[in-house]
1. Quick one: putting +1 on the C-beta of Lys and Arg, -1 on the C-beta of Asp and Glu, what dipole do you get for region 149-264 around its Cα centre, in Debye to the nearest 20?
2. Which of the chymotrypsin sites (Phe, Trp or Tyr not before Pro) across region 199-298 are loop residues per DSSP, with 16 or fewer other Cβ within 10 Å?
3. What FRET efficiency would be calculated for the residue pair Arg10, His444, taking the C-beta separation as r and a Förster radius of 41 Å, to the nearest 0.05?
4. Report the rotationally averaged projected area of region 181-240 based on its alpha-carbon convex hull, in square nanometres.
5. List every residue whose amide H lies under 5 Å from the amide H of Ala454, counting only residues 5 or more places away in sequence or on a different chain, with H placed 1.01 Å from N in the peptide plane.
6. Spelling out what I want: for every residue of region 333-350, take phi, set θ = phi - 60°, compute 6.51 cos²θ - 1.76 cosθ + 1.60 (Karplus), and round to whole Hz; glycine and proline get x.
7. If you put +1 on each Lys and Arg Cβ and -1 on each Asp and Glu Cβ, how big is the dipole of region 113-152 around its Cα centre, in Debye rounded to 20?
8. Could you tell me which residue out of Gly236, Ala31, His427 lies farthest along the dipole of the chain toward its positive end? Charges go on the beta carbon: Lys and Arg +1, Asp and Glu -1, centred on the Cα centre.
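Coordinate-derived values only; no laboratory data. Everything numeric here is computed off the predicted structure, so don't read it as measured data. Every residue, glycine as well, gets a Cβ built from its backbone with ideal geometry; the counts of neighbours run over all protein chains shown.
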Amino acid sequence: MNTGREVSVRPLRTRPLWVFVALGATGAVLAAGRLAYTGELDWWVGGGLPAALVGVAFLHAVTLEVGADAYGVRYGSLVRRRRSLPWGDIADLRVHIQYGRHGEEYFRVGVLLRDGRTRRLPLPLSVSRDDRPDFDARLDELRALHRRHGAPESDHLAVISRRTAGRGAAVPLILCVLLLAGAGLAAWLVPVTGATKDAWESAAPCAAEAPPADRAECLTTLPAVIARTEVNSGKGPSRLYFADGRPVDRVTVSREGARGFRAGDRVELTVWRRQVRVVAGEHHVWREHFTDAGSVAVVAAGLALAAGYPGARVLLRRRGRRLPDDEVLPSALPFAGALVVTALWLLPFCYVHPMGPPASPGPLAWAAAGSLVTLGLLVLAWRATRIRTPQVAATAAATGAVPREAAGEDVFLAARFLESTDYNPNHFGTHVVLGDGPPAVVPHPGPGRFAAKAVPAHRLTVKGVRRPRGGDGDGVPRGWHVAELDDAGEPVRLTAAPADLARILRSLDAVETATGADNA
């Protein structure tokens, strides 16, 4: 049992870090020596200075230390000054789950201050399953010190993940603002793009007596000879080069346009607004592509719809601001479905009518019907993402007749016990089967009770039913509920959809009642 003595946490693997510290020190020495010897900035200095900065960063990582004693928590390194947090200012300790680029999970300890702010300690840190036992042991030591010398607000360990209410909304908010800014910029370009294409399509050849100032808006044709072509096989531009650099040195064209010409071809260039827009040869013609207003309007509408999803996430976090920090929020997928359906009618509408609906009744009816559909779907999404508090009495203590399954017919319900037990070894169960036989855990959705493990209903007592929390893991769907059970003194969690969970708990209660009656 932990007595709450002083705790000191250092990085687990320091040898690789010291290697980079040594490389950084070597780079610093080389850069300093080269500057002292030559006084000039060269490749040695340019390579040594970044290496020195990397060495400083790794020196911070290798000398990092988190300590805790009767006073509070302190952390720092040789590079960064030490900070301290008294136990009296700490309301609770919690676990924060961070996610890597490829889905990796990193566990860190967070400190919730009494003023509502949160600080994340640099150590202990768990980056793999091998680190988890040491992380849990260090966390237990810190919590024991907090209980002994501080005043924790709760004995419950909150786990904050990307699905919980305590996760910040800064990232989706910034993403929403950026997408809306892009949509606004694209919408501003719609009339500009449309006017440019209309001007190009209506441009006529320049008259012989047209002054030079007016020739920018009309079409000027000039002869030229292709000196060579440059066909880029990658994403870079392809180019046509002209003999003697006349009338221009080169023109950037598409890859297919460059492949259609050969050195020595005589071509005719069409110049509009002081740029070559058409290169016409005997066997091939390249024309510059002008984007129409409809395409830009589709981009603007698509960006606005894309901003709706992070906006819905921000709305859900705002809606669940009174929930505990570790309680899982509803999914924003219903709003995503509404946005997808909206895109099915809005994007074609924007392409056909980029400047807005005309006065004719057809487009107006199209826009009105689509808007009503979108409004209805948003109302349904709002209702689907309501936060429903489980009713323990209605779930676990239902009175009256207990529904029986049909004779000889098993019903398989998707449900999982979150703890590894004798009836759920190594978390193998994915379903609970109900029927004529006793409730059992199975690793399949049926049919048949192959590999079934009977649930000892006589040992289980329902303590409560709640919504998912961050500590339940990402494997629990957001819309499921979690029943907290007592298995002969050991806490056990069972999770399933609300209706299925109520059905399972009623069956367990019925088996327990029947067992008690038989024993009597």
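1. Values: 13 positive and 11 negative charges, 120 e Å.
For region 149-264, the charge dipole is close to 580 debye.
2. Numbers: sites: Trp200, Tyr241, Phe242, Phe261, Trp272, Trp286, Phe290; in loops: Phe261, Phe290.
Of the chymotrypsin sites (Phe, Trp or Tyr not before Pro), the ones in loops of region 199-298 whose Cβ has at most 16 other Cβ atoms within 10 Å are Phe290.
3. On the way: r = 46 Å, r/R0 = 1.13.
It comes to 0.30.
4. Values: hull surface 29.7 nm².
Quarter of the Cα hull surface area: 7.4 nm².
5. Answer set, sorted by chain and number: Val441.
6. 4, x, 5, 4, x, 5, 5, 5, 5, 4, 5, 5, 9, 6, 5, x, 4, 5
7. Working: 10 positive and 7 negative charges, 60 e Å.
Using only the charged Cβ atoms, the result is roughly 300 debye.
8. Going by the Cα projections, it comes out as Ala31.
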